[in-house]
Amino acid sequence: MLNPEEEIRLIREEILPGFQPPEPRFLIPILQEIQARLRYLPLAGLRIVSDYLGMSAAAVWGTATFYSQFRFAPPGQNQVKICLGTACHIKGGEAILESWERELKIKIDETTPDRAFSLERVACVGCCALAPVMAVNDLIVGKSSPISVKGVILKSQIPNKSQ
Ligand code: FES
């Protein structure tokens, strides 16, 4: 995991030079490359991109936030994903999400201060028959319930440092 100074150096020295000449048409490919390397878009990095492309910070921010593929908080060591596709929503996905929010003391799209966990919502993950579904890293948990959240943490042997 890079510190903020290293993230900026990577953007300036390794990513931006690959997009020549600096033109607004490269905005999305640059954002995708930053996210591929850092797994998120740091705000300081977006300012550097706006300077590089000669675009306003508002335009860069507006584009980045338009697309759901981009995230603005660093992902946690453990990524918790709650399916809120139609089948999972109907079967109580929102209640499971709320249980995770209570357990981790964060909201959706946030990361715990120690970066141990991040919480995301996802659309259908392709196993609707098991709805409601949640995933912790590569572990898919079907037929889940709000009270199963603590059990999933224990079963996964994931340290919950937020407690
Ligand atoms: S809607 Fe959740 S797995 Fe399909």
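Values computed for the structure shown
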{"read-out": "Single residue of the stretch 130-154 satisfying the filter (surrounded by fewer than 15 Cβ atoms within 10 Å (Cβ to Cβ) and in contact (Cβ under 8 Å) with a residue 12 or more places away in the chain) that is farthest from the ligand (Cβ to nearest atom)", "value": "K150"}
{"read-out": "Which listed residue, of I8, I30, I34, is in contact with a Phe, Trp or Tyr (Cβ under 6 Å, 6 or more places away or on another chain), more than 23 Å from L139 (Cα to Cα) and not assigned by TED's automatic domain parsing to the domain that holds V125", "value": "I30"}
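The values are calculated or read from the model by the stated rules, or taken from the named source; none is laboratory data. None of these values were measured; they are calculated from a predicted model. For neighbour counting, all protein chains shown are included, and Cβ atoms are generated from backbone atoms with ideal geometry for every residue, glycine included.
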